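Worksheet: one structure, shown below.
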Amino acid sequence: MSALTMNLTATASEENSFDSAPEQTVVEDTVGFPLVDDPKIRARNASVFYGDKQAIFNIDLDIGKHEVIAMIGPSGCGKSTFLRTINRMNDTVDGCRVSGEFLLEEDNIYGSKMDVVELRARVGMVFQKPNPFPKSIFDNVAYGPKIHGLAGSRVELDEIVENSLKRAGLWAEVKDRLQQPGTGLSGGQQQRLCIARAISISPEVILMDEPCSALDPIATARIEELIAELAENYTIVIVTHSMQQAARVSHRTAYFHLGKLVEVNETEKVFTTPEHKLTEAYITGRFG
Amino acid sequence: MQTSNLIIALLVMSALAYFFGYQRSRGFARQLGGVSNLHSLPTYYGMRVALWCGLPSVLLLFVCLAFEETIISKMLLSGIPDEIRPTSIAEYNLLMNKIENLASGALSSEGVKPALLDAAAALGYLRDMSQRLLTGLAMLVAGGGGFWGWWRMSAQLRARQQVEKIFKGFLLLCASLAIFTTLGILLSVIFESVRFFQQVPISEFLFGLEWSPQTAIRPDQVGGSGSFGAVPLFLGTMLISFIAMTVAVPAGLMSAIYLAEYAGSKVRSFVKPALEILAGVPTVVYGYFAALTVAPLIRDTGTSMGLSVTSESALAAGLVMGIMIIPFISSLADDVINAVPQTMRDGSLALGATHSETIKQVIIPAALPGIVGGVLLAVSRAIGETMIVVMAAGLAANLTVNPLDTVTTVTVQIVTLLVGDQEFDSAKTLSAFALGLMLFLVTLGLNYIALRVVKKYREQYE
């Protein structure tokens, strides 16, 4: 009992000393290299507010073409919020306000000319919890192409569905039961179905919000392989709580802390020789 | 002591028993060095003694009260001389009533047979005696029970479990009350229906196309021979329910979609209660709205278009009934639409679907089983609805599906058959029970299906 208390106090005081050292906690500017040439997505001075509370503070970040960028950081640090600004999923949240400049190539994401439906067709998303529709496996994948009129005929639609499922690595497992409900698949299969659904409308960017957090290690490994394959054709932004996962799948890693972007660097550099003290503290498990 | 006073006295004794039990357990706790050494908290010990005191005595009281009247009547009857001894149940009831009135002084004793006066006096005496006996007995049981419970106490006694068990039984009793009532209703309807089907063949009732329940009461009376074909009634019921559902399902569903998906929290907090007020309007009010406002409106409109519309039309009743049912459907559909997980919406929106595409293609299909369940519940409500149709649909049992014509429903006929002076052994009156039984079975079936559907839907997401 007393040992536990002492342990807790120790941790607390460690954190306190950590907080009291100004050069370690105050994030002035993002260190590393957040900007790249000819980016797919460009965010400048990006801030997000939920009501009166500011969730993201003046972030500058570029995401390159065919890059896999991982976003890591403790819970509530704003990484998911940032992710959801890219396809404007924050629009559905009451009281959410976004400021700053967001460009998808040349197009202003929050501009008046931007059609949010078209934006989301170009920026696909995979969610934390697999969320197949209560429809058949086929209809789950065919949903997007049907909405956007991508298939002129039934044969074309079949092709799109087959290709999407193949690219998501699910085809072999489900080709004989396409008419069965998507909700009947296992968790890992459901998530791959959701990835197939996302790539069925040929997006340019795929956002992944902790795509493996509800999956077992084998299903996780399968998804990670898939991300590596998908990176050849898509730009991928992945939010993850697992630092190993970030290290395995991403080219660059961005570390968020309390709504601020602390460090962006080559993944290898982040996990071997981080520039910022906060990043180092996080990846060595001092807090999280 | 009067029964109400007796119950109060028993409650007071139980409270005292609680106090003594509580005190004694505190005493044990002191000896053992603290309440934590007792098996249960002192309140449980107190509760246990109180239950020992109150429960058996109250049970005894109710059992005695249930048999009191029968025993007293039997005793009175044995003292009545043979020449006025009743020979039938009706006579027996009359006699008992007379004695009762004599005893209470409501009937003057002039010119009454002395045997009856004796009986009336005996009734007063017997009642008095039984009252005293009961008081003594109940007090004795309460005191004895309380003492037994108090005396058997020890620190190891599992008072908490015992009290829990009794409360479980009590809750079960309350829950079974509704079930037994349903069973009682069903049995009473079945018995009368069986009597009806002894007079009218069941095939005529189920498949006959003519409903005209007038039967001759006396053999010499000129009256209808009576025909009991229920088909026109069920057709009328179905016609009106159908009209009601064509109003209620689209309106209810759309308003639910608006409330769940589009309305802001301010609009929602105003519109949802307003809609639910519709459910609180008494159906008789809907009835005269239908009969005085909607029916003439339909008649006038129809006439101006050259249609022949009766003043009491199926359309008027159906429309108003539909409006009455809107809140049932909208409220249930609103719940199931809200129960569709947000991730489902996000998934669809993130694919670039618009809000209405998401609703049509993802949310409604996902919520469909729940919506169907709600609609089926509303249908059974429409079938059983009485007041609106009594006032607005009419009484003529026409075999028609023309909504502008007068039709009648099962519930309307039940009402008209049972209103006023009735002979309770004629086929006319008994047919009401057969109709009631049919109605009960139909709505029971619908409710069962609806609950199964709703349950299946819940399993899908939990």
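The values are calculated or read from the model by the stated rules, or taken from the named source; none is laboratory data. This structure is a prediction, so every number in the text was calculated from the model and none was measured. Methodologically, a virtual Cβ is constructed for each residue, glycine included, from the backbone with ideal geometry; neighbour enumeration extends over all protein chains shown. Only protein heavy atoms, including side chains, enter the accessible area calculation; ligands, DNA and RNA are left aside. Shrake-Rupley method; radii C 1.70, N 1.55, O 1.52, S 1.80 Å.
Brief remarks follow.
- For the set B:L157, B:L399, the ranking by accessible area, highest first and with no ligand, DNA or RNA atoms included, is B:L399, B:L157 under a 1.4 Å probe.
- The lysine pair count for chain B, using Cα distances under 23 Å and pairs eight or more places apart or on different chains, is 6.
- Neighbour cut-off at most 14 other Cβ (10 Å), DSSP loop, chymotrypsin sites (Phe, Trp or Tyr not before Pro), segment A:192-288: A:F287
- Computed from the C-alpha gyration tensor, the three semi-axes of the ellipsoid equivalent to segment B:80-161 are 47, 14, 10 Å, from longest to shortest.
- The apolar share of the surface of segment B:1-117, taken as the fraction of accessible area on carbon and sulfur atoms (1.4 Å probe, ligands and nucleic acids excluded), comes to 64 percent.
- Surface/4 of the Cα convex hull for chain A, nm²: 17.5 nm²
- Tail fraction, Cα-Cα pairs, segment B:227-461, threshold 23 Å, whole percent: 55 percent
- Computed from the C-beta positions of A:H66 and B:Y262, the FRET efficiency with R₀ = 60 Å rounds to 0.95.
- Accessible area of segment B:227-461 belonging to carbon and sulfur atoms, whole % at 1.4 Å probe: 69 percent
- Per DSSP, loop GluC sites (Glu not before Pro) in segment A:208-288 with at most 11 further Cβ within 10 Å: A:E232
- The residues of segment A:108-126 occluded by other protein chains by 40 Å² or more of accessible area, set against the chain on its own, are A:V117, A:R120; surface from heavy atoms, 1.4 Å probe.
- Per-residue ellipticity at 222 nm computed for chain A from its helices equals -11500 deg cm²/dmol, with DSSP H segments shorter than 4 residues left out and the rest contributing -39,500 (n - 2.57).
- Relative contact order of chain B, pairs being alpha-carbon contacts under 8 Å that are 6 or more residues apart, as %: 16 percent
- The protein assembly as shown shape via C-alpha gyration tensor axes, a/c threshold 1.5: oblate
- When the trypsin sites (Lys or Arg not before Pro) in segment B:146-219 are filtered for DSSP coil states and for at most 14 other beta-carbon atoms within 10 Å of their beta-carbon, the remaining sites are B:R152, B:R158.
- Solvent-accessible surface, computed for protein heavy atoms with a probe of 1.4 Å, shrinks by 50 Å² or more for the following residues of segment B:338-357 when the other protein chains are added to the isolated chain: B:T343, B:M344, B:D346, B:L349, B:A350, B:L351, B:G352.
- 10 Å Cβ shell holding at most 16 others, DSSP loop, trypsin sites (Lys or Arg not before Pro): longest site-free stretch of chain A: A:178-285
- Partners of A:K260 within straight-line reach, counting lysines whose Cα lies under 27 Å from its Cα and excluding those fewer than 8 residues away in the same chain: A:K40, A:K53, A:K65, A:K79, A:K129, A:K269, A:K277.
- Pairwise centroid distance, computed over Cα atoms, of segment A:166-188 with segment B:91-123, Å: 87 Å
- Buried accessible area, chains B and A (both chains, 1.4 Å probe, Å² to nearest 100): 1600 Å²
- Helix runs (DSSP H) in chain B reaching 15 Å along axis by Cα, Kyte-Doolittle at least 1.6: B:231-257, B:314-339, B:364-384
- 3J(HN,Hα) along segment B:389-398: 6, 4, 7, 10, 9, x, 10, 6, 7, 7 Hz, from the Karplus curve 6.51 cos²θ - 1.76 cosθ + 1.60 with θ = phi - 60°, whole Hz, x for Gly and Pro.
- Anchor A:K146: aspartates and glutamates whose Cα lies under 12 Å away (excluding residues fewer than 8 positions away in-chain): A:E156, A:D158, B:E357
- Separation of the A:Q179 and B:T181 label points, Cα + 7 Å toward Cβ, nm: 4.9 nm
- Solvent-accessible area per residue in the protein assembly as shown equals 51 Å², computed with a 1.4 angstrom probe and all protein chains kept.
- Remark: the protein assembly as shown carries a charge dipole of roughly 2220 debye about the Cα centre, counting +1 on each Lys and Arg Cβ and -1 on each Asp and Glu Cβ.
- Amide H contacts under 5 Å for A:V262, placed H, 5+ residues apart: A:Y255, A:F256, A:H257
- ³J(HN,Hα) computed for each position of segment A:163-172 - Karplus, 6.51 cos²θ - 1.76 cosθ + 1.60, integer Hz, glycine/proline x: 4, 4, 5, 5, 5, 8, x, 10, 4, 4
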